[in-house]
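This report concerns only the one structure given below.
The values are calculated or read from the model by the stated rules, or taken from the named source; none is laboratory data. Since the model is a prediction, treat every value here as computed from it, not as a measurement. Reconstructed Cβ throughout: ideal geometry from the backbone, glycine too, with neighbour counts over all protein chains shown. Surface accessibility is based on the protein's heavy atoms, side chains included, excluding ligands, DNA and RNA. Shrake-Rupley method; radii C 1.70, N 1.55, O 1.52, S 1.80 Å.
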Amino acid sequence: SIIRRQRQELKLLIAELKDRDRELNDMVAVHERHIQAWEDDRQKILSLAERCSLLTSELNERNAIIKSLTKRLKLLESQHNDSKITLESTQQKFKELTQKVTDSSVHCQALEEKNQSLHCSVLELSAKTGQLQAREQELLTMLQLKDKALIETTDQITEVASKFKTLENALRAAKLEEFSRNREQQDLKLTLNDVVFQVNKMKDVLSEKMKESSKHQEEISHLKHENGCLRSELILAVEEAQRKDQLYQFTKSKQVRIEKELSSLRQVCVKQQRDLHFLQVNLDSSQESMQ
């Protein structure tokens, strides 16, 4: 009966050992699958780390490009401000020259009006001179015809001659004044031509400055657009890096969980090995006792 009982126990132990063996085989298969999955995850993590380093280097390069573009943008903005200040000063000079030209035109018009009035007075004096000469001739004929009124006629001729001399002196002074007015008008015309030339030159400079300013504005707008594109690309790259970082964190937490499961499985395997060793010792002892 003892042998039967031991045989029954041995059968039960062998059946339990077979069950334990199957469980161990299943656990080993699961453990191998876990190890394979862990190795795959490790390879993925390594590839993700390498890609993250590449993206980090690319991000640093993009940051360097953005810094250089920002410096260039600041330089172009300062140049634009300088050109704007130059343009304002040029416009102020142009206004001053325009005012000078207007004043010169007004002065020239006033001189022309004065010259016209002097010319009219000269014509009047010339007409009066002709009239006086005709009267002198008439008085001479009357002197020849009228010997009796010689004294009165002589007095009238002397008076007329004195008036004629005063008129001639006035005519000379008017001619001198007209000559000086003509010279002054010529000088003013030359000054006006110089001012007009300077104004045209300043207009050309102003147009060039306007063209240069428009070019600078176009380049600034292009650089702003390029900077916006780079910033959007940088934001997308940062978002992608954040997503990869989150994926890395998820993978890391999964790896921690797998390591915990592996440690628990190892503990279970150690316990089962101990049980197997104990059962093997019991089996050996029972076999020896049977023998």
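Suppose each label sits 7 Å from its Cα in the direction of the beta carbon; what would the Gln217-Ala15 distance come out to in nanometres?
Output for this residue pair reads 9.7 nm.
Measure off 7 Å from each Cα along the Cα-to-Cβ vector at Thr158 and Gln8, then give the distance between these two points in nanometres to one decimal.
The answer from the label model is 19.3 nm.
Starting from the Cα of Lys252, move 7 Å in the Cα-to-Cβ direction to define the label point; list residues of segment 45-77 whose amide nitrogen is under 16 Å from there.
Under 16 Å, as judged by backbone N against the label point of Lys252, lie 45-53 of segment 45-77.
As an exercise, use a Förster radius of 35 Å and the Cβ-Cβ distance of Glu96 and Lys74 to find the FRET efficiency, rounded to the nearest 0.05.
0.60
Principal axis lengths of segment 40-244 from Cα atoms, whole Å, largest first?
For segment 40-244, the Cα spread along each principal axis is 155, 15, 15 Å.
If you roll a 1.4 Å probe over the heavy atoms of the protein chains, what accessible area per residue do you get for segment 40-244, in Å²?
With the other protein chains kept in place, segment 40-244 gives 74 Å² per residue.
Hey, which of these cross-link pairs are over 24 Å Cα-Cα: Lys100/Lys211; Lys100/Lys189; Lys18/Lys271; Lys74/Lys209; Lys44/Lys67; Lys84/Lys189?
Details: Lys100/Lys211 27 Å; Lys100/Lys189 13 Å; Lys18/Lys271 16 Å; Lys74/Lys209 20 Å; Lys44/Lys67 34 Å; Lys84/Lys189 34 Å.
Checking Cα-Cα distances, Lys100/Lys211; Lys44/Lys67; Lys84/Lys189 exceed 24 Å.
With labels modelled as points extended 7 Å from the Cα through the Cβ direction, what inter-label distance (nm, one decimal) is found for Glu240 paired with Asp275?
Rounded to a tenth, the inter-label distance reads 5.2 nm.
List the lysines whose Cα lies under 27 Å from the Cα of Lys128, skipping any in the same chain that are fewer than 8 positions away.
Lys114, Lys146, Lys163, Lys165, Lys175
Please report, as a whole percent, how much of the solvent-accessible surface of segment 40-244 comes from carbon and sulfur atoms (probe radius 1.4 Å). Walk me through the numbers on the way to the answer.
On the way: 8380 of 15090 Å².
C and S fraction of accessible area: 56 percent.
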